[in-house]
Each structure stands twice: as C-alpha cells, then as structure tokens.
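Enquirer: I have a structure here, written as structure tokens, and I will follow up with some questions on it.
The values are calculated or read from the model by the stated rules, or taken from the named source; none is laboratory data. Treat the numbers as computed from the prediction; the structure is a model and nothing was measured. Every residue, glycine as well, gets a Cβ built from its backbone with ideal geometry; the counts of neighbours run over all protein chains shown. The accessibility values were calculated without ligands, DNA or RNA, using every heavy atom of the protein model including side chains. Shrake-Rupley method; radii C 1.70, N 1.55, O 1.52, S 1.80 Å.
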Amino acid sequence: MQNSFDFQYVFELLPTLFRYLGVTMEMALWGFVFALILALGLALVRVFKIPVIQHLAALFISFFRGTPLLVQLFLLYYGLPQISPLFLMDAFTAAVLGLTLHFAAYMAESIRAAILGIDKSQMEACLSIGMTRLQAMKRVILPQASRVATPSLMNYFIDMIKSTSLAFTLGVAEIMAKAQMEASSSFKFFESFLAVAVIYWIIVLFFTRIQHLLEYKLNEAY
Amino acid sequence: MIKISNLSKEFGKLAVLKDINFTVEKGEIIVIIGPSGTGKSTLLRCLNYLETPTTGKIQIGNVDIDAVNHKQKEVTALRQQSSFVFQNYSLFANKTAIQNVAESLITVWKTPTSEALKIAKEILVKVGLADKLDAYPSRLSGGQQQRVGIARAMAAKGEVILFDEPTSALDPEWVDEVLAVMKQLAVERQTMIVVTHEMQFAKEVADRVIFMEDGYIVEQGTPQQIFEQPQNERTKSFVKRALKQH
Ligand SMILES: Nc1ncnc2c1ncn2[C@@H]1O[C@H](COP(=O)(O)OP(=O)(O)OP(=O)(O)O)[C@@H](O)[C@H]1O
Ligand SMILES: [Mg+2]
C-alpha cells in the first residue's frame, strides 16, 4: 500500500482540481493586465528619461527583479499591514498585486529593449514631419515595438500562470491549495501533486499554442 | 522665407558647421554640393532640428528659433515648417504607403481621417503610385519607397522640403523615376533644399548651387556660375572632378 501508485486517484482528482482553475486564471489574467500597464509606464519613463522618476523606476525594477516573488508576497500580505492597517487586503488582492509588481519589473525591461531596438530613423521620420515624441511613440514606435516584445511578454504570461501557485502560501484557494488539501487528507501526495502538475502543463501547452499563432499573425502583418 | 544666421554645429570637439549664413526665397530650388564629410547632412538636419545646432538662428516661415535658447514648443513648430526626405527613405514600417503619407495630416494637422486619406491618395497618384496605395514599405522597390518618402514630405504642409541625397541609396535603375518626381516639384515651384551628388540634376533644376567644404559655405551662385565659372580654387577642383564622373 505504502509504495503503490494509485493511478485512478490522479484521474479522479483532475476534475476536482479543474474547478479551482478559475481562481488561478483570474489571478494570472488580472496580474498580467495590470503588469502590462505598469510595465509600459515604467518603460516609457525610462526611455524618455523623465527626470527623477526614471531613477525611481530603475530602483523599482531593480528591487522587484532582485528579490524572490515569495518574499515579495509575504512582504505585501503579512508585512505591510503591520506598518498600517491601511495596507490590509485579502489574500487574492495581495497575490494579484505581488504578481503585478514582480512581473511588471521584468516586462518593463523587455518593452524598453523592444523600443530601443526600433531603428532611430523611425523616430526621426516622425519628428521631421512635425510630430511630437509622444505622438511618434504612440503611432509608430510602440506599434512596432509591440511586435518585437510580444513573444517575450507571452513567455512572462505563461511564467505568471505557473507563479500563481505561490498564492497558496497566502491562503488563496486556487488549484495548488486544493491539491495540497487533498494530499494531506488522503496521504496520496505524489498523486495529488502529479495531478496539479498535469493541469499546469496542459494550460501552459494551450497558451504556448496561442503564442505561436499570435507570432505567426504578427509576422505576416507587414 | 528661410534665413540662416551664424549657424554652427560641433560634435564634441569636432566643428562640423562653421558660421553658416544664407537665405532662401519662396519657390527657390537650392542644391548643396561638396565633398563627403563636409557637413551637408548635418546642415539639413539642423534645419529640421534633428540635430540641435551649437549656435545660430534659423527662421523658416513665421518660426524663428535661436539654438542657444529655445523651447521644445518652438522646435516642434519649426519642424512643422519643413519636411525631410531621407537617404534611406525611413518610411514608417508599420504603415502602408497611403498611411505613411496621411500620417502628418492626421496626427499633426488634425485633418479628419477620410479627408487625409483622400489627400494622401491624390499625392500618391501624382508620384505615380496609384497602384501601391495599400502596400507596406517592405513590399516596395527602393524607387517606390523613395517616392512615398517624397509624397510624405509633400503632404506635411511645410514651407520647404529638405532632401538628403535622395537617390544615392538607390539602384541605378530607380534613380530616374525619383529625379522625375523632384523635377516635377521644381516645375511647381515647391521650395526645396537638395543635397545631392547628381550634378546633372543640379545643373538642370537648381536656381542656386551652394558649394560646401569643411563646414563652410565656400561659394554659391547659379548653376552656370558654379559649374562653368567657379571663382574659388576649391570649387573649381571639386566641380571638375564631379563633372568628370558623369
Ligand atoms: N552624430 C554625430 N556624432 C559625431 N560626429 C558626427 C555625427 N554626425 C556627423 N558627424 C561628423 O560630422 C562630419 C560631417 O558629417 P555629414 O554627415 O554632415 O557630412 P556630409 O557632407 O553629409 O557627408 P556625405 O557626403 O558623406 O553624406 C563628419 O566628419 C561626421 O563624421
Ligand atoms: Mg550626408
């Protein structure tokens, strides 16, 4: 009994776990949308070299890239409320916020690299017909940079889906938490965690497929 | 209409433009010639403030700007008075031919999109690209791209179009179609300042030729004066060499 592997248990557990996938995907989607907005802001601040703010942005990026996501989540959820009750938030919000800040730092760098990779002559051509830098960014540079950045941003999205599993440490009832619960009540640890691994794998394969389709579409655009 | 006074430009210790002064009348066609590395491109780029001059004043139309003390608003206003045709076309890669041409109207002049596209189409038809309206730059030949580049500059409503060696990146087979468009503009008395190595074009089209060397304007005059009776020794030897190549 001890060493046997209950294959059927894995199959039975899959539908149960799938029901918790919603929370996981909600965290990943919100986290990604917010991270994208924040990352774009950070990247633009750095590209335009806006005084003072650009250094704050660099500091922000350095901190959130330089420390583990788990530590950041603990700081946000368990740490901040100690400073002020204003920072009290539910576990789901803390998880989304943590994912947002963490991934925005990485995504900002890849957006910035994509912008800087666009040939300087494109900006000059915009300026030469009387556009402002901001107009040039919006109409010409960002549309081109987004094509360059899309593959890496999609990678971060996929990475983010996997990283939502850390939210169980804050007590968010997502699929990892459910798997953990099932494991400790049935003592079928291997089966439970294998089941959750399989689900993550399927989801990642699905989004990898979408990523390839998206890249294909983008490449034939112009 | 255009007045350049005491213009100079240094890149670090390298003085590239030295005390440049000249004026251009409305409808005048100016060709700038001179050896490589003498600051011709830098001069044009300064007129469009793609490079910020070290000192000097530039006046185009009703915009007047002093290099030493200028605001970003004035720079944008000055740029709206001129447009630029680049050696390497520099078309917006993410936009079709017609979108490239309409862009300044839509974004800078706030022309309604349908109106802007109509104007853009008329200009593209004029430069012989009626069948390429919706083509992306990557699908166009060099000559076609440069004609879109000229069309884009024409649409920008500036007082003057600046051309920096518009044909020198082209395969020889495409040069004539681009020069033909420029000649047409000259016939219409579009004010132009053209940097080029095409001496034949300069002879035929220019009202005035400016010979630059080493950051200075050495000599200027009608094509007849510059090509047939140059006064300065350096103009003489440059012109002699340049004409021999053709
Ligand atoms: N951004 C820059 N930084 C430093 N030096 C520069 C820069 N741009 C141009 N220069 C230098 O300024 C000088 C003039 O260059 P410019 O391109 O204006 O010459 P040009 O007359 O247009 O030459 P060509 O006929 O080869 O195009 C050259 O010595 C060049 O190396
Ligand atoms: Mg040049």
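Enquirer: Is region A:1-65 rounded, prolate or oblate when judged by the Cα gyration tensor, a ≥ b ≥ c being the square roots of its eigenvalues, rounded requiring a/c under 1.5 and prolate requiring a/b larger than b/c?
Expert: Because a/c hits 1.5 or more and a/b exceeds b/c, region A:1-65 counts as prolate.
Enquirer: Going 7 Å from the Cα of A:Lys217 along its beta-carbon direction, which residues of region A:115-150 have the amide nitrogen within less than 14 Å of the resulting point?
Expert: It comes to A:147, A:150, nothing else.
Enquirer: Determine the relative contact order of chain B: mean sequence separation of Cα pairs under 8 Å and six or more apart, normalised by residue count, in whole percent.
Expert: Averaging sequence separation for qualifying contacts and normalising by length gives 25 percent for chain B.
Enquirer: Pairwise over distinct Cα atoms, reciprocal of the mean inverse distance: report the Kirkwood radius of the protein assembly as shown in Å, one decimal place.
Expert: Value: 26.3 Å, from the Cα pair sum.
Enquirer: While we're on this one: Of the candidates B:Lys236, B:Lys13, B:Lys110, which one comes out as most mobile in a Gaussian network treatment of chain B with C-alpha springs shorter than 10 Å?
Expert: B:Lys13
Enquirer: Right, something else. When the accessible area of region A:7-219 is computed with all protein chains present and a 1.4 Å probe, what percentage of it is carbon and sulfur?
Expert: Here it works out to 71 percent.
Enquirer: Once every DSSP H run of n ≥ 4 in chain B is given -39500 (n - 2.57) and the sum is divided by its residues, what mean residue ellipticity at 222 nm do you get, rounded to the nearest 500 deg cm²/dmol?
Expert: -11000 deg cm²/dmol
Enquirer: Hey, how much of the P(r) for region A:7-219 falls beyond 28 Å, as a percent of Cα pairs?
Expert: Beyond 28 Å sits 40 percent of the P(r) for region A:7-219.
Enquirer: Quick test of the membrane-span-like rule: which DSSP H helices of chain A reach at least 24 Å along their long axis (C-alpha atoms) with mean Kyte hydropathy at least 1.0?
Expert: What comes out of the filter, once short or polar helices are dropped, is A:21-47, A:91-117, A:189-221.
Enquirer: Now a separate question. State, in square angstrom and to the nearest 100, the accessible area buried between chains A and B, both chains counted, probe radius 1.4 Å.
Expert: Roughly 1900 Å².
Enquirer: For the pair B:Asp214 and A:Lys120, how long in nm is the line joining their label points, each one 7 Å along Cα→Cβ?
Expert: Distance between label points: 2.8 nm.
Enquirer: If the cut-off is a Cα-Cα distance under 22 Å, which lysines reach B:Lys110, setting aside same-chain residues fewer than 8 apart in sequence?
Expert: Counting by Cα, and skipping residues close in sequence, B:Lys110 has these lysines nearby: A:Lys138, B:Lys73, B:Lys95, B:Lys118, B:Lys121, B:Lys157.
Enquirer: Determine the relative contact order of region B:95-203: mean sequence separation of Cα pairs under 8 Å and six or more apart, normalised by residue count, in whole percent.
Expert: After rounding, I find 27 percent.
Enquirer: In square angstrom, rounded to the nearest 10, how much accessible surface does A:His212 have for a 1.4 Å probe?
Expert: For A:His212, solvent-accessible area is about 100 Å².
Enquirer: With a/c under 1.5 counting as rounded, go ahead and sort chain B into rounded, prolate or oblate using the C-alpha gyration tensor (a ≥ b ≥ c being the square roots of the eigenvalues; past the cut-off, prolate if a/b is larger than b/c, else oblate).
Expert: The shape class here is oblate.
Enquirer: Got a sec? Which residues in region A:174-191 would a label at A:Leu70 touch, if it sits 7 Å along Cα→Cβ and we count backbone N under 15 Å?
Expert: A:177
Enquirer: On average, how much accessible surface per residue is there in the protein assembly as shown, in Å², for a 1.4 Å probe, leaving out ligands, DNA and RNA?
Expert: On a per-residue basis, 48 Å².
Enquirer: If we count every other residue with Cβ under 15 angstrom of B:Val63's Cβ, Lys/Arg +1 and Asp/Glu -1, where does the sum land?
Expert: Around B:Val63, the charge tally is +3.
Enquirer: Per residue of chain A, what 222 nm ellipticity follows from adding -39500 (n - 2.57) for every DSSP H run with n ≥ 4, rounded to the nearest 500?
Expert: Result for chain A, helices only: -25000 deg cm²/dmol.
Enquirer: Here is a further query. Return the whole-Å distance between the Cα centroid of region B:1-43 and the Cα centroid of region A:156-172.
Expert: So the separation of the two Cα centres works out to 60 Å.
Enquirer: Same structure, new question: Under unit Cβ charges (Lys, Arg +1; Asp, Glu -1), what dipole magnitude, rounded to 20 debye, does chain B have relative to its Cα centre?
Expert: 360
Enquirer: So for region A:7-219, averaging the separation of alpha carbon pairs under 8 Å that are six or more residues apart and normalising by length, what relative contact order in percent results?
Expert: 30
Enquirer: For labels at A:Phe187 and B:Glu188 in the simple 7 Å Cα→Cβ model, what's the distance in nm?
Expert: 8.9
Enquirer: If Lys and Arg each add +1 and Asp and Glu each add -1, what is the summed charge of the other residues whose beta carbon sits under 12 Å from the beta carbon of A:Ala136?
Expert: Residues near A:Ala136 contribute +3 overall.
Enquirer: Need one number: % antiparallel among DSSP beta bridges in the protein assembly as shown, to the nearest 5.
Expert: In the protein assembly as shown, approximately 55 percent of DSSP beta bridges are antiparallel ones.
Enquirer: In peptide B:151-158, how many Cβ atoms from other protein chains are near each Cβ within 10 Å, on average?
Expert: That works out to 2 on average.
Enquirer: Compute the FRET efficiency between B:Lys240 and A:Asp6 as 1/(1 + (r/R0)^6), taking r as their Cβ-Cβ distance and R0 = 56 Å, and round to the nearest 0.05.
Expert: 0.05
Enquirer: Let's test the formula: R0 of 30 Å, r as the Cβ-Cβ distance of B:Asn6 and B:Gln200. What FRET efficiency results, to the nearest 0.05?
Expert: FRET efficiency, B:Asn6 to B:Gln200: 0.35.
Enquirer: Find which of B:Leu14, A:Leu153, A:Met89 sits farthest along the positive direction of the dipole of the protein assembly as shown, computed with +1 on the beta-carbon of Lys and Arg, -1 on that of Asp and Glu, about the Cα centre.
Expert: B:Leu14
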